[in-house]
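The values are calculated or read from the model by the stated rules, or taken from the named source; none is laboratory data. Nothing here was measured: the structure is a model prediction, and the numbers come from that model. Cβ atoms come from the backbone with ideal geometry, glycine included; neighbour counts cover every protein chain shown. Just so you know, the surface numbers come from the protein's heavy atoms only, side chains and all, with ligands and any DNA or RNA stripped out. Shrake-Rupley method; radii C 1.70, N 1.55, O 1.52, S 1.80 Å.
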Amino acid sequence: MSVDKNLKILIVDDFATMRKVIRNLLKQGGFENIVEAEDGAAALKILKSQPVDFIISDWNMPNMSGLELLKAVRGDDELKALPFLMVTAEALKDNVVAAVKAGVSNYIVKPFTAEVLNEKIEKIVKSLAA
Amino acid sequence: MDHAELRREIDDMASNFLFLEKREIDIPTAGQFLNQLEAVMRHAEALGSPEARRLAGGLSQLLEKVVLESVDAAAGFGLFERGIVLLQSVADGYCNAGRYDGSIEGFMQELADGLGIPLEAAAGEPATAPPGEVSPESPAAAGEARVQDESLLRDFITEGLEYIGEIEVNILNLEQEPENKDYINAIFRPFHSVKGVAGFLNLVDIRTLAHDLETLLDKARNEALPVTPELIDLILDGSDTLKAMIGRLRDGLEGREATELIDTSDLVRRIRLAEQGADQPKQPKKLGTILLEEGVINEEELQAALERSQIPPPRKLGQTLIAEGIASPKDVSRALRKQAQQVTDSNTIRVDIKKLDDLIDMVGELVITQSMIRQSETLQSLGDRKLVRDISQLASITSELQRSSTVLRMVPIKQTFQRMSRLVRDLSKNTGKLVNVVTVGEDTEIDRNMVDEIYNPLVHMVRNAVDHGMEMPEERIRAGKPERGTIKLKAFHRGGNIVIEISDDGRGLNREKIREKALKNGLIGAGDALTDQEINRLILLPGFSTADKITDISGRGVGMDVVKQAVEKLRGKMDIQSVEGKGTTFVTAFPLTMAIIDGMIVKVGNERYILPTVAIRQLIRPDRAAYNCIVGEAETINVMGRLLPLVRLHRLFDIEPVHANPWEATLVVMEGEKRAKCLLVDKILGKEEVVIKNLGERLKRVKGVSGGAILGDGNVGLILDPEGLFEMAEAN
């Protein structure tokens with residue numbers, strides 16, 4: 001089975017260029033239904049106001065970090081089942097383990113290609129469907 | 001929690017594992033297991049089941065490796081399965097017999113061998129993995145990341161430069177509060193973001209440098225590296241270089257001629273050295289390292305010289321270098337001095353400024369208390385000579401303590417000078433002027449609390465010197481001066497003040513032009529005979545600006561009057577010396593500390609007040625004839641031909657004076673921000689340096705009083721604020 005390309009994806013990153021990079025990579029994979037937020041706090045606002053199917057979030061952000069966002073999402077009854085892909089700069093072991101313990105769906109290390117991103121999304125979505 | 005519950009916990013895990021869909025542990029499942037294993041470890045530790053704790057620890061590490069993909073997933077799955085089963089039998093053993101008779105060593109060994117997980121000693125600490133980068137991304141991934149889209153590149157340039165600009169703001173904050181993690185984070189983040197996008201855009205150089213700087217900051221954040229001025233300089237230089245690299249990118253994109261390739265090797269070497277500093281903070285740097293850092297010798301020369309120094313008869317490295325003419329004796333001795341300084345540096349400790357402030361405040365309290373004891377009449381009536389002697393001993397110790405605690409807060413002016421030098425560099429770059437900075441007396445000390453206060457006025461003077469004082473290179477050559485101008489920053493102590501001079505060798509003040517302008521603005525009359533010095537000082541008057549055009553640098557007509565006011569607010573004084581065609585010097589003198597004030601003590605009735613000496617112009621005992629009082633108008637005194645309003649201090653503070661008539665009393669002519677008035681007091685008691693005490697929140701808003709102080713005789717006096725007094729008088 002293939003992943004529904006109409007998936008509504010929320011990109012969370014404080015660096016606008018980075019959001020654009022990810023958006024471009026997603027487009028290459030056929031995903032066009034995208035919303036953006038500049039930090040965890042802004043992301044939560046969006047999540048509360050509109051249905052989102054998938055979150056791709058950076059780790060290091062002002063106001064509310066990716067880990068804090070993840071914990072907030074997992075702690076919210078309505079949002080807790082949402083797929084959450086964490087973007088990290090290095091596979092810093094402590095960071096990754098902390099995210100995994102907090103219930104991240106998967107993580108991806110910068111820089112990555114459209115193929116790797118696609119793969120991760122498919123893997124997450126399929127395991128949920130199973 | 002007992003062993004049966006622990007077993008249930010483990011059984012839960014086992015059944016979760018059993019019901020896995022595929023023979024694969026995905027990330028969310030690994031997350032669940034990690035949390036469960038953490039609970040098992042904690043409970044096993046509490047219940048005293050070392051085997052269960054070690055097994056759970058080993059399995060956690062295994063899962064971490066699975067998550068990080070640093071172990072084969074299938075092999076990991078198999079090991080995990082066996083581990084869970086073993087964990088169950090350990091729990092069973094403890095549950096039924098209070099102990100486990102089997103051995104887990106074989107399995108632990110297997111874990112260690114197969115995964116490169118170090119075998120945890122039987123009595124070891126709970127397994128915590130060393131932090132660090134586990135799987136550096138493969139170079140292939142970086143190479144494939146081709147998102148070379150021009151619009152992305154443009155976005156990156158704009159946003160990247162903006163982000164790096166924020167670093168400078170935050171670094172100034174960090175300089176003031178090196179312990180503040182928020183500031184480090186705020187500096188860390190731009191590097192991190194730039195690095196991330198640079199990776200996607202295949203900008204290898206930018207990515208590498210940003211990564212190095214980020215690593216450095218990460219160490220500072222984890223307290224592996226102290227935040228020193230050197231580190232801050234390094235970060236600033238790093239951000240400058242990044243800016244230049246991104247600027248070069250923009251030039252290329254806009255089709256402008258490519259500027260020279262930016263050489264980062266020196267910077268990278270400094271970053272490496274700084275990082276090593278993190279690993280061995282106690283070791284003073286070797287002579288060779290210092291010489292390397294200073295660029296006196298290169299790596300090969302050092303290695304060769306080190307080897308030759310070993311050849312008998314062995315000589316010191318410095319001797320070899322001098323003998324072979326590789327380094328000059330001056331370089332070597334300077335490096336040796338620097339090395340010696342490091343040793344003394346390790347004898348210093350960092351103290352939070354707040355603690356120091358508290359200490360100094362408490363010492364102030366101590367001084368007050370001891371003087372109250374000394375003044376106590378009961379005590380004096382005892383006539384105990386030993387007690388009197390002891391108390392006077394206490395007094396001298398306390399005042400010594402006060403003196404030495406005030407010194408604690410003194411810091412060299414060096415850092416301020418460095419920031420100013422940097423500013424000059426940036427400004428000269430923007431204006432196309434060529435300027436060198438020379439500093440003298442960097443070690444001159446000043447109260448830490450004054451440093452921030454004096455910075456703004458000094459910055460304005462430096463800007464002024466570059467903008468108005470310095471000529472363009474062509475103009476300098478025409479005037480027969482060296483193309484490159486010099487700005488000298490000089491500091492020294494004089495009396496209780498720190499004097500800071502900012503001199504340039506620029507065009508000097510054009511007194512003709514200043515005169516004309518002052519005449520036009522009505523600041524002086526046509527017939528006024530002014531000395532050169534008086535003309536110079538005209539530029540300090542409000543509303544005076546001789547710049548022909550408004551530039552970014554000195555701002556829009558914000559004149560020297562603002563600087564003068566800022567200096568005076570700090571109880572400082574300011575002067576200008578200038579020779580046309582040769583240059584201008586701004587001389588400012590600030591008190592070393594805001595904690596001590598030079599005061600004139602006056603008496604009104606039974607009360608004593610302290611007047612800041614800087615605000616006093618003169619003391620007079622007027623004639624009867626100098627006093628004018630027109631009914632319904634204010635009282636005035638004729639002071640050398642000018643009528644100044646009379647302010648009766650006793651009336652403002654509702655005191656019964658000894659002398660109510662000005663011609664019997666003493667008058668103090670005081671200067672406020674824009675006007676002068678005569679203060680009527682009974683008597684002048686003398687001049688004294690007093691320690692300022694805050695009056696606390698409650699009395700902070702009392703007009704006319706800026707603080708309190710303990711006088712030499714132990715009495716308390718209020719320090720008066722001339723401007724506030726004037727306002728009170730005007731309101732009456």
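When peptides B:575-581, B:465-471 are sorted by average Cβ neighbour count within 10 Å, with the highest value leading, the order is B:465-471, B:575-581. Rg and Dmax, both from the Cα atoms of the stretch B:397-515 and both in Å, are 17.5, 64. Among the listed pairs B:LYS181/B:LYS354; A:LYS45/A:LYS123; A:LYS5/B:LYS195, those whose Cα-Cα separation exceeds 21 Å are A:LYS45/A:LYS123; A:LYS5/B:LYS195. Using a probe of 1.4 Å on the protein chains alone, the accessible area found for B:LYS414 is around 80 Å². Taking N as the residue count of the stretch B:1-54, its C-alpha radius of gyration divided by 2.2 N^0.38 Å amounts to 1.19. Normalising the Debye intensity of the stretch B:473-517 to I(0), with uniform scatterers on Cα atoms only, and taking log10 at q = 0.23, 0.25, 0.32 Å⁻¹ returns -0.85, -0.88, -1.04.
Comparing the stretch B:150-308 with the 2.2 N^0.38 Å rule of thumb, its C-alpha radius of gyration ratio is 1.14 (two decimals). One decimal place: the segment B:GLU483-B:ARG8 gains 162.6 nm when fully extended, by the rule 0.36 nm per residue minus the C-alpha distance. Summing both sides, the accessible surface hidden between B and A at a 1.4 Å probe radius is close to 3600 Å². Ranked from largest, the principal axis spans of the Cα set of chain B equal 113, 82, 66 Å.
In peptide B:3-13, how many Cβ atoms from other protein chains are near each Cβ within 10 Å, on average? Mind showing how you got there, number by number?
On the way: counts 0, 0, 0, 0, 0, 0, 0, 0, 0, 0, 0.
Mean number of neighbouring Cβ atoms from other chains: 0.
Treating r as the C-beta distance of B:VAL562 and B:PHE19 and R0 as 60 Å, the FRET efficiency rounds to 0.20. Based on protein heavy atoms only, the protein assembly as shown ends up with 51 Å² per residue of surface accessible to a 1.4 Å probe. Please state the Cα pair-distance histogram of the stretch B:575-705 with 10 angstrom bins from zero: what percent is in each bin? With 10 Å bins starting at 0, P(r) equals 11, 34, 31, 16, 7, 1.
Stretched out straight at 0.36 nm per residue, the stretch from B:GLU81 to B:LEU273 would grow longer than its current Cα-Cα span by 64.4 nm. Against the empirical 2.2 N^0.38 Å (N residues), chain A has a Cα radius of gyration ratio of 0.95.
Which entries in the list A:LYS71/A:LYS120; B:LYS490/B:LYS687; B:LYS433/B:LYS582 go over 22 Å, if you measure between the two C-alpha atoms of each?
Table pairs above 22 Å Cα-Cα are B:LYS490/B:LYS687.
Gyration tensor analysis over the Cα atoms of the stretch B:61-102 returns equivalent ellipsoid semi-axes of 28, 9, 6 Å (largest first, whole Å). Per residue of B:196-203, other chain Cβ atoms within 10 Å of the residue Cβ number 6 on average.
Building the convex hull from the alpha-carbon atoms of the stretch B:653-732 and averaging its projection over directions returns 6.4 nm². Note on the protein assembly as shown: along the principal axes its Cα atoms extend 110, 82, 80 Å, ordered by decreasing extent.
For the stretch B:1-94, the pair-distance distribution built from all alpha carbon pairs, in bins 5 Å wide starting at 0, is 3, 15, 29, 26, 16, 9, 3, 0 percent. Once you reduce the stretch B:451-484 and the stretch B:613-687 to the center of their Cα atoms, the two points are 43 Å from each other. Near B:GLN533, once Lys and Arg are set to +1 and Asp and Glu to -1 for all other residues with Cβ below 12 Å from its Cβ, the sum equals -1. Note on B:LEU541 and B:ASN715: the model spin-label points, each 7 Å out from Cα along the C-beta direction, lie 4.3 nm apart. Label sites at A:LYS45 and A:LYS126, each approximated as a point 7 angstrom past Cα along Cα to Cβ, lie 3.8 nm apart. Each helix, a run of at least 4 DSSP H residues, gives -39500 (n - 2.57); summed and divided by the residues of chain B, these come to -17000 deg cm²/dmol at 222 nm. Legend: residues B:HIS650, B:HIS659, sorted from most to least accessible area (1.4 Å probe; ligands, DNA and RNA excluded), read B:HIS659, B:HIS650.
Straightening the chain between B:ASP92 and B:LEU530 buys 147.4 nm, computed as 0.36 nm per residue apart minus the Cα-Cα spacing. Averaged over peptide A:17-26, the number of partner chain Cβ atoms lying within 10 Å of each residue's Cβ comes to 6. In the stretch B:355-440, carbon and sulfur make up what percent of the accessible area (probe 1.4 Å)? Carbon and sulfur atoms account for 57 percent of the accessible area of the stretch B:355-440. Taken along the Cα-to-beta-carbon direction at a fixed 7 Å, the label points for B:THR228 and A:GLU68 span 3.3 nm. Most tightly packed first, judged by the mean number of other beta-carbon atoms within 10 Å of their residues, the peptides B:437-449, B:62-74, B:44-56 read B:44-56, B:62-74, B:437-449. Across the accessible surface of the stretch B:1-120, with the other protein chains kept in place and a 1.4 Å probe, carbon and sulfur atoms take up 49 percent.
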